[in-house]
1. Within segment 109-120, does at least one residue satisfy the condition of being of a type outside the set (Phe, Trp, Tyr), assigned to a loop (DSSP other than H, G, I, E, B), in contact (Cβ under 8 Å) with a residue 24 or more places away in the chain and under 23 Å from Ala29 (Cβ atoms)?
2. If I ask for residues that are outside any helix (DSSP H, G or I) and closer than 22 Å to Asp89 by Cα, which ones from segment 123-146 would you list?
3. Condition first: touching a Cys at 6+ places or on another chain (Cβ under 9 Å), in a helix (DSSP H, G or I) and buried (at least 18 other Cβ atoms within 10 Å of the Cβ). Can you find one or more residues in segment 58-76 that meet it?
4. Name the residues in segment 32-64 that are free of Cβ contacts under 8 Å to residues at least 40 places away in the same chain and either under 17 Å from Thr114 (Cβ atoms) or hydroxyl-bearing (Ser, Thr, Tyr) (or both), would you?
5. Determine, yes or no, whether Leu87 is modelled with pLDDT of 90 or more and within 14 Å of Gly43 (Cα to Cα).
6. Taking segment 89-124 as the region of interest, how many residues are more than 22 Å from Asp19 (Cβ to Cβ) and touching a Pro at 6+ places or on another chain (Cβ under 7 Å)?
7. Where the second residue is surrounded by 18 or more Cβ atoms within 10 Å (Cβ to Cβ) and of a type in the set (Phe, Trp, Tyr) and the first is assigned to a strand (DSSP E or B) and lies in segment 78-102, which pairs have Cβ atoms under 9 Å and are six or more apart or on separate chains?
8. How many residues are assigned to a helix (DSSP H, G or I) and buried (at least 17 other Cβ atoms within 10 Å of the Cβ) when one looks only at segment 35-53?
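The values are calculated or read from the model by the stated rules, or taken from the named source; none is laboratory data. Because the structure is predicted, anything quoted here is derived from the model rather than measured. Here Cβ is always computed from backbone atoms with ideal geometry, including for glycine, and neighbour counts include all displayed protein chains.
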Amino acid sequence: MTSGPLDLTVEGADEAGVDAQGLRALALALLDAEGVQGPWALGIAFVGESQMQALNAEHRELDEVTDVLAFPLDGRDDLPDGLERQLGDVVVCFAQAERQAGEAGVPPLEELRTLVVHGLLHLLGHDHEIDDGAMLARQDELRAVLPPLT
């Protein structure tokens, strides 16, 4: 496994029905698969529709609910040895995730897992809006091997 501990801050997991230890395992497995050296700091928040709409309006100038937002910091930047890599924050709207899960015919935890993976990839510098599908292909590869959320 990639070296380093993970300083993980989780908000709203209980409301979303997600186990924080499952999030930790998912994040560590993804960082390992992506070859990103630690130690790391990461925030994951599960929010309601009004908060997500406000964040989307403020940061993307889109006054609507979205499923996931990512606020990257260090990403894959070169850092001095031993310095904690501040990955940033992933914010997931659990109500939107539940709707999307219903539309896709998958369990809500599976959709939440997909959105967390999507957000983490954005924190690491991936961008599906400009990469001709590379990020979404990588997301599918990772979903096939990463642990489930519980």
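1. no
2. Selection gives Leu124, Gly125, His126, Asp127, His128, Glu129, Ile130, Asp131, Leu146.
3. no
4. Ser50, the sole residue that qualifies.
5. Answer is yes for this residue.
6. 1
7. Pairs that qualify, where the first residue is assigned to a strand (DSSP E or B) and the partner is surrounded by 18 or more Cβ atoms within 10 Å (Cβ to Cβ) and of a type in the set (Phe, Trp, Tyr), are Arg85/Trp40; Gln86/Trp40; Leu87/Trp40; Val91/Phe46; Val92/Phe46; Cys93/Phe46.
8. Matching residues across segment 35-53 total 2.
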